[in-house]
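Undergrad: Got a structure for you, questions after.
The values are calculated or read from the model by the stated rules, or taken from the named source; none is laboratory data. Predicted model only: the values in this text are computed from it and were never measured. Every residue, glycine among them, receives a Cβ derived from its backbone with ideal geometry; neighbour counts consider all protein chains shown. Areas reflect the complete protein model, heavy atoms only, side chains present, ligands, DNA and RNA absent. Shrake-Rupley method; radii C 1.70, N 1.55, O 1.52, S 1.80 Å.
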Amino acid sequence: MLVLAFDTATAAVTVALYEWIPGEGAVPRGVAEAVDRRAHTELLTPSIARVMAEAGAVPDDLSAIAVGVGPGPYTGLRVGLVTARAMGEALSIPVHGVCTLDIIAWATGRDEPFIVATDARRKEVYWARYDSARARATEPAVGPPSDVPEGLPVVGEGAALYPEALGESDHEPLLPSARALAELTVARLAGQKVPELLPPEPLYLRRPDAKEPGPRKKVTPA
């Protein structure tokens, strides 16, 4: 089983190719990482091509695609989801969505409760509480840092942006990694008890900033 994974829900454009080998688990075949909040469109496709070439693989070799579904800003999130759905349709393979907060949580490897918080802009964070790296305890939410429950360690870029509200402890990892996304997806497909896979639909949690124009105002003759 060869799984291509990528996430564009944050400033990171992260791509990984993993193979599931019985007896060995998830084995990495290629990884590409970049951080640029304004270049998701320009970076994603070349990163996918580079990862595939690094592994000596072609699109027809893929068994599934995994994509981060947010929560995240509209523009970046859309890039990854549109690409994943287009590839899945063209190759006739399944496309699995994974909550981006779950990806960050998985990468921590923590066994104790904690919170993941990412940057939601507008002086807010996307966040969720976890019982461990493998188990989310609450639905993703968006709001000011003061909404995040106190008393637990907080990881993610949102925590690093608001240390006065979320604490100054170790906030790593700050951004999602396609390595973690691929590992989580392969584990779920292999039947392990890990966060569920989702449809490849965006978790925006709030309306996009762009609005449809209203009706034109009538002009009164002079």
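Undergrad: Please go through region 140-154 and pick out each residue that is in contact (Cβ under 8 Å) with a residue 24 or more places away in the chain and either in a loop (DSSP other than H, G, I, E, B) or closer than 11 Å to Phe114 by Cβ (or both).
TA: Hits for region 140-154 are Pro140, Val148, Pro149, Leu152, Pro153, Val154.
Table: residues versus (1) assigned by the TED database to the domain that holds Trp20; (2) of a type in the set (Lys, Arg); (3) assigned to a helix (DSSP H, G or I); (4) surrounded by fewer than 17 Cβ atoms within 10 Å (Cβ to Cβ).
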residue: Thr118; (1), (2), (3), (4): no, no, no, no
residue: Tyr130; (1), (2), (3), (4): no, no, no, no
residue: Asp170; (1), (2), (3), (4): no, no, no, yes
residue: Ala180; (1), (2), (3), (4): yes, no, yes, no
residue: Leu184; (1), (2), (3), (4): yes, no, yes, no
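Undergrad: Which count do you get for residues in region 150-168 that are in the same structural domain as Pro113 (by the TED database), under 16 Å from Arg110 (Cβ atoms) and surrounded by fewer than 18 Cβ atoms within 10 Å (Cβ to Cβ)?
TA: 3
Undergrad: Can you tell me which residue in region 27-52 is most open to solvent (accessible area, probe 1.4 Å), limited to those that are out of contact with any Lys or Arg (no Cβ under 9 Å at 6 or more places or on another chain) and small (Gly, Ala, Ser)?
TA: Here the answer is Ala49.
Undergrad: Still on this model: Among the residues of region 186-204, write down those that are in a helix (DSSP H, G or I) and either surrounded by fewer than 20 Cβ atoms within 10 Å (Cβ to Cβ) or free of Cβ contacts under 8 Å to residues at least 60 places away in the same chain (or both).
TA: Pass one, region 186-204, residues in a helix (DSSP H, G or I): 186-189.
Within region 186-204, Ala187, Arg188, Leu189 meet the criteria.
Undergrad: Which residue, of Thr83, Thr75, is of a type in the set (S, T, N, Q) and in contact with a strand residue (DSSP E or B) (Cβ under 9 Å, 6 or more places away or on another chain)?
TA: Details: Thr75 fails: in contact with a strand residue (DSSP E or B) (Cβ under 9 Å, 6 or more places away or on another chain).
Residue meeting the stated conditions: Thr83.
Undergrad: Only one of these conditions is not met by Tyr162: (1) at pLDDT 95 or above; (2) within 20 Å of the chain's Cα centre (by Cα). Which number is it?
TA: Only one criterion is unmet by Tyr162, namely (2).
Undergrad: So which residues in region 60-74 are closer than 30 Å to Thr118 by Cβ, over 16 Å from the mean Cα position of the chain (by Cα) and not in a loop (DSSP other than H, G, I, E, B)? Give the derivation first.
TA: Filtering region 60-74 down to residues closer than 30 Å to Thr118 by Cβ leaves 62-74.
If we keep only those that are over 16 Å from the mean Cα position of the chain (by Cα) too, we end up with 62-64.
Answer for region 60-74, where residues must be closer than 30 Å to Thr118 by Cβ, over 16 Å from the mean Cα position of the chain (by Cα) and not in a loop (DSSP other than H, G, I, E, B): just Ala64.
Undergrad: Right, next: Hey, can you tell me all the residues within region 78-103 that are of a type in the set (D, E, K, R) and open to solvent by 30 Å² or more (accessible area, probe 1.4 Å)?
TA: If the condition is that a residue be of a type in the set (D, E, K, R) and open to solvent by 30 Å² or more (accessible area, probe 1.4 Å), then Arg78, Arg85, Glu89 are the ones that fit.
Undergrad: Related question: Restrict the check to region 107-114 and report whether at least one residue is assigned to a helix (DSSP H, G or I) and crowded, with 21+ Cβ neighbours inside 10 Å. Give the derivation first.
TA: We begin by selecting, within region 107-114, every residue assigned to a helix (DSSP H, G or I); these are 107-108.
Retained after the next criterion (residues that are crowded, with 21+ Cβ neighbours inside 10 Å): 107.
Checked against the condition, which is being assigned to a helix (DSSP H, G or I) and crowded, with 21+ Cβ neighbours inside 10 Å, region 107-114 yields at least one hit.
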